[in-house]
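Student: The structure under discussion is supplied below as structure tokens; questions concerning it will follow.
The values are calculated or read from the model by the stated rules, or taken from the named source; none is laboratory data. These numbers come from a predicted model, not from an experiment. Here the Cβ positions follow ideal geometry from the backbone for every residue, glycine too, while neighbour counts run over all protein chains shown. Areas reflect the complete protein model, heavy atoms only, side chains present, ligands, DNA and RNA absent. Shrake-Rupley method; radii C 1.70, N 1.55, O 1.52, S 1.80 Å.
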Amino acid sequence: MGDVMDKLVSLCKRRGFIFQSSEVYGGLNGCWDYGPLGVELLRNIKDSWWKAMTYREDVEGIDASILMHPRVWEASGHVDGFTDPMIDCRSCKARFRDDTLTEAQLEAGQCPNCGNKEVLTEPRAFNLMFKTFVGPLEDDSARAFLRPETAQGIYVNFLNVQTAMRHKLPFGIAQIGKAFRNEINTKNFLFRTREFEQMEMQYFVRPGTEDEWFEYWREERWNWFAGIGLPESKMSWHEHQGDELAHYARAAFDIQYAFPFGEGEIEGIHNRGDFDLGRHEEFSGKSLRFFDDQTREKILPSVIETSIGASRTCMACLVHAYHEEEVDGDKRVVMRFHPRVAPLKVAVLPLVKRDNMPDIARKIVADLRSSLPVFYDEGGAIGRRYRRMDEVGTPYCVTVDSETLENDTVTVRERDSMDQSRVAIDALKADIAQRIETWKPAGD
Ligand code: ATP
């Protein structure tokens, strides 16, 4: 499994998907930069989520600030409770989250890093929030936090959005944004990082109707993954039981993807009851109640939350796309992205750099580029150019060749099957759009 991950990390760097943050300085642990192709992939995932979640009558989008009033994090429970149990090695000074150590290591006090025995400390609570200061004074009164989740920006804006958009219950608020957690151990590439992006939606419902909306959103969210190319066969549910349930949750289910290192949570769907709005009322002293003009009562809504990591989803798409296969005795590496999330949709390639072929190809690029991200490549043998596009997951290559000069048609080559067919230039735009729309993963 390390093997696949190593190959993927290397491809991501080589082909401009993901770079280590501050690499020239040796990198910063738990932080990654999205390169030209990675940023397109991430953006496509976010766009797909944004459309699914907000292009509907009952959900509005917002973009709240990352820095918030410090009392927010007292009310939310993060100041007291957003901690992981941390264990130190007294010998080599390595640090571990206690659930990353085995029973045997814990019993013997043996450090997995240096191997010494009886060197591990008892676990102590470590708060995962990054701290900073607002304004020039660096004292406790100026202390603020980088948000560890986007949800709180939604709770504190609940009444603003409701009033401005004149919503009745139930309705939701969605947002995409950065979140920061000072994780004790970062690992598995984009899976557990210190800076990442979340896509969260809080759905405010009438008390007593939580269960039906919880089921509704479980189904909606489960069905969304196939649309970005993550099939049901790789996904699973995990229900939180007993101790696993967060302080705010009445019920919680994770949607997991089968990563090479095991099942990993990508999204959580939570029934949070009225915990958050109730706490913000208590800590702010302001009413966050919704006036119900049917019953003429003020009610505190309950919340169903869907919380997904954009970065983790990006990682699942990368892992899932990676394929190696043998073609005519050669190894072919192909990223089988769903065309909807693929960073480049089309490459246009003149077969040779003469006979007007580059000019015709450039005209095709200009025409397609108004609606699709297109790559132009005229360098090297055509087979090698196809392979370069396979490796970054470009679903269609359009080749301008000698037949083009005779009858204004081009070759369209499909990434997955490598099948080629001829298409008239003036039908090309519609043809590609149709292929993207009707694409099915190989083997289905
Ligand atoms: P985990 O148990 O893996 O730490 P969590 O249960 O704390 O995750 P939530 O607080 O429910 O996660 O956050 C919602 C989503 O945010 C997760 O499903 C995941 O996709 C993403 N996420 C959380 N922490 C990280 C992280 N350190 N790096 C990348 N994505 C993260």
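Student: Could you report the chain's accessible area per residue, 1.4 Å probe, as an integer in Å²?
Tutor: 48
Student: Then there's this: Lys/Arg Cβ at +1, Asp/Glu Cβ at -1, dipole of the chain taken about the Cα centre: which of 29, 398, 264 is farthest positive-ward?
Tutor: So the residue furthest toward the plus end is 398.
Student: Take the Cα atoms of the range 122-255, find their three principal axes, and give me the spread along each one in whole Å, biggest first.
Tutor: Result, largest extent first: 48, 42, 32 Å.
Student: Give me the one-decimal Kirkwood hydrodynamic radius in Å for the range 249-323, with the sum taken over alpha-carbon pairs.
Tutor: 15.1
Student: Can you report the principal axis dimensions of the chain using only the alpha carbons, biggest first, rounded to whole angstrom?
Tutor: Computed over the Cα atoms, the extents are 77, 68, 47 Å.
Student: Apply the Karplus curve 6.51 cos²θ - 1.76 cosθ + 1.60, θ = phi - 60°, to the phi angles in the range 267-274 and return the couplings in whole Hz, x for Gly and Pro.
Tutor: Each residue's phi maps through the Karplus curve to give 9, x, 10, 10, 9, 9, x, 9 Hz.
Student: What whole-number volume per residue, in cubic angstrom, does the convex hull of the C-alpha atoms of the range 384-444 give?
Tutor: 82
Student: Another question about this same structure. What are the aspartates and glutamates whose alpha-carbon lies under 18 Å from the alpha-carbon of residue 286, with same-chain residues fewer than 8 places away excluded?
Tutor: The reachable aspartates and glutamates, counting only those whose Cα sits under 18 Å from residue 286, are 74, 274, 276, 297.
Student: Among DSSP beta bridges lying fully in the range 329-444, give the percent that are antiparallel, nearest 5.
Tutor: If I count the DSSP bridges inside the range 329-444, around 55 percent turn out antiparallel.
Student: Just report the Cα centroid separation between the range 234-303 and the range 127-177, whole Å.
Tutor: 16
Student: If one computes the Cα centroid of the range 368-411 and of the range 28-86, what distance in Å separates the two points?
Tutor: 37
Student: Still on this structure, I have one more. Between residue 31 and residue 355, 0.36 nm times their residue separation minus their Cα-Cα distance comes to what?
Tutor: 111.8 nm
Student: Here's a follow-up. Cα-Cα over 30 Å: which of 117/234; 117/178; 13/345?
Tutor: Those over the limit are 117/234; 117/178.
Student: Checking the cross-link filter: which aspartates and glutamates have an alpha carbon closer than 19 Å to that of residue 7, excluding same-chain neighbours under 8 positions apart?
Tutor: Residue 7 reaches 23, 33, 324, 325, 326, 330, 390, 391.
Student: Another one. What's the extension gain from residue 402 to residue 168 if we count 0.36 nm per residue and subtract their Cα-Cα distance?
Tutor: Working it through step by step, the gained length comes to 78.0 nm.
Student: Projected onto the charge dipole of the range 270-322 (+1 at Lys/Arg Cβ, -1 at Asp/Glu Cβ, origin at the Cα centre), which of 285, 313, 299 gives the Cα projection farthest towards the positive end?
Tutor: 313
Student: Please compute the contact order of the chain in relative form: average sequence separation of alpha-carbon pairs under 8 Å and at least six residues apart, divided by the residue count, as a percent.
Tutor: Relative contact order here is 13 percent.
Student: Using a probe of 1.4 angstrom, how much of the accessible area of the chain is carbon and sulfur, in percent?
Tutor: About 47 percent, which is the carbon plus sulfur part of the accessible surface.
Student: For q values of 0.14, 0.19 Å⁻¹, compute log₁₀ I(q)/I(0) with the Debye formula on a Cα-only model of the range 286-410, without solvent.
Tutor: After summing over all Cα pairs, the log10 values are -0.72, -1.07.
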